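S.K.: Have a look at the structure that comes next, please.
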Amino acid sequence: MSNRYKTLIHTALYPEAKPLIHYFNLIHNKSYDKYRIYENDKYILVVSGMGETNVNKVLPFIYDNFKINKAVNIGIAGCKDKSIKLGSLFCTNHNLKDIKTTTLTSVNAPLDDESKLTTILVDMEAESFFEISKNNLNEKDIFVFKVVSDHLSKKIPDKSLVYNSIKNSIAKWESVI
């Protein structure tokens, strides 16, 4: 275990992670072949895979093996409000300057029926990320950022849309964490 505290960045999908890997100049840490971990002196990024089960496997490992002082979940989310543009960035657990706040539900399978959704956004990982992180950090040091990728479609969004949406969001949320 390193003595230096790092900010954890969690994504579910590699297309979400790729622009972050480039932006922060993260190096693939191959000593943990079971998990996709990228890091530098300041950040550790982990790609968990989609869904609660995958998050529940990797995050305890990260908290047990690395010194984490902040945690960020950044990823795509479906949106039931069709007036919200694709690529719009939201923080779902803090009111932050220059970043909109909205509600989020995490589900176990893609959702395309807005009558089953009481929140504006839907994803598959944030709730598990938040609960596990809350056991290890103060809530003020946990951030959940979501970028709207679709309007409740079960189809996985195009990789280039995901990459560009995440890339375009980094400068907005990096300055507030």
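The values are calculated or read from the model by the stated rules, or taken from the named source; none is laboratory data. Here the structure is a predicted model, which means the values were calculated and not measured. Virtual Cβ from ideal backbone geometry, glycine too; neighbours counted across all protein chains shown.
S.K.: For the range 132-174, which positions are within 16 Å of Val46 (Cβ to Cβ) and not in a loop (DSSP other than H, G, I, E, B)?
M.R.: Listed by number, the residues that qualify are Ile132, Ser133, Ile142, Phe143, Val144, Phe145, Ile166.
S.K.: Let me ask you something else. So which pairs qualify, if the first residue must be in the range 150-177 and under 15 Å from Phe24 (Cα atoms), the second must be part of a helix (DSSP H, G or I) and among the aliphatic types (A, V, I, L, M), the Cβ gap must be under 9 Å, and the two must be at least 6 apart or on different chains?
M.R.: Going by the 9 Å Cβ cut-off, the qualifying pairs are Ile166/Ala17; Ile166/Leu20; Lys167/Leu20; Ile170/Leu20.
S.K.: In addition: Would you mention how many residues in the range 6-40 are under 17 Å from Asn65 (Cβ atoms), among the charged types (D, E, K, R) and out of contact with any strand residue (DSSP E or B) (no Cβ under 8 Å at 6 or more places or on another chain)?
M.R.: Adding up the residues that qualify gives 3.
S.K.: Out of the residues in the range 121-140 that are crowded, with 20+ Cβ neighbours inside 10 Å and either modelled with pLDDT under 95 or aliphatic (A, V, I, L, M) (or both), which is farthest from Ser106 (Cα to Cα)?
M.R.: The qualifying residue farthest from Ser106 (Cα to Cα) is Ile132.
S.K.: Suppose we filter the range 1-50 for residues that are within 23 Å of Lys140 (Cβ to Cβ), in contact (Cβ under 8 Å) with a residue 40 or more places away in the chain and not hydroxyl-bearing (Ser, Thr, Tyr); how many remain?
M.R.: 6
S.K.: Could you grab me the full set of residues in the range 113-125 that are outside any strand (DSSP E or B), touching a residue at least 12 places away in the same chain (Cβ under 8 Å) and not charged (D, E, K, R)?
M.R.: Within the range 113-125, Leu117, Thr118, Thr119, Ile120, Met124 meet the criteria.
S.K.: Mind listing just one residue for me: the one in the range 94-120 that is under 21 Å from Val55 (Cβ atoms) and among the aliphatic types (A, V, I, L, M) and, of those, surrounded by the most Cβ atoms within 10 Å (Cβ to Cβ)?
M.R.: Applying the filter and picking the extreme gives Leu104.
S.K.: Still on this structure: Just to be sure I understand the filter: pairs with C-beta atoms under 8 Å, separated by 6 or more residues or on different chains, first member in the range 53-66 and at negative phi, second member acidic (Asp, Glu). Which pairs pass?
M.R.: Asn54/Glu125; Val55/Glu125
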